[in-house]
Each structure stands twice: as C-alpha cells, then as structure tokens.
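Colleague: Got a structure here, written out as structure tokens. Questions coming.
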C-alpha cells in the first residue's frame, strides 16, 4: 500500500502544474487526488480492531473495501433479548 500511496502522491504532484492547461488534466488531477484521499482514509481507519479490510480484483482494476465487524455483537445482543428462556448463543465464530 505504501508504494501505491507514493505513486498516487507523485501523480498528483505531476498533474498539479497541468491543471490550468486543459480540462482533461484538471479532471485527471481531481480523480488522482480523490483516489489518494480514499486510500489514506481506508488505511488510516480509527477502529482497526472492528474492521476487516479486503480488496477485490476485477478485469478493470481493483476495489478496496472495509467492513465493520460490530454488527455480530449488536445482532447477538438483539438475538439474546429475543431468545427463548434458557437458550444460549454461541460466543465465538466457528
């Protein structure tokens, strides 16, 4: 990820002087800046313990994903409040 971030930062720096010359360069610079921002936000998430980070490769590129794992805890608390008396929920992933 560091190499990708470095490459995006260099691309942003290289496109900066060209943004005034063409709308195409300005749009490319905006997209590169947005990609760098999203990459940094994906990498620097606050709740590291509650997230699973993964990527998905496609024919046209890749997608970075971050999925929070707080839902199982919330679902377990809801399910336990609605469970029949004496029912015990599993406490770990199997």
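Colleague: Residues being outside the structural domain of residue 11 (by TED's automatic domain parsing) and modelled with pLDDT of 85 or more: count how many of those fall in the range 30-62.
Modeller: 6
Colleague: Follow-up. Only residues that are in contact with a helix residue (DSSP H, G or I) (Cβ under 7 Å, 6 or more places away or on another chain) and either in a loop (DSSP other than H, G, I, E, B) or surrounded by fewer than 12 Cβ atoms within 10 Å (Cβ to Cβ) (or both): list them for the range 1-45, please.
Modeller: Once the filter is applied, which keeps residues that are in contact with a helix residue (DSSP H, G or I) (Cβ under 7 Å, 6 or more places away or on another chain) and either in a loop (DSSP other than H, G, I, E, B) or surrounded by fewer than 12 Cβ atoms within 10 Å (Cβ to Cβ) (or both), the range 1-45 yields 1, 19.
The values are calculated or read from the model by the stated rules, or taken from the named source; none is laboratory data. Just so it is clear, the structure is predicted and the values come from calculations on it, not from any experiment. Neighbour counts are summed over all protein chains in view; Cβ atoms, including those assigned to glycine, are modelled from backbone coordinates with ideal geometry.
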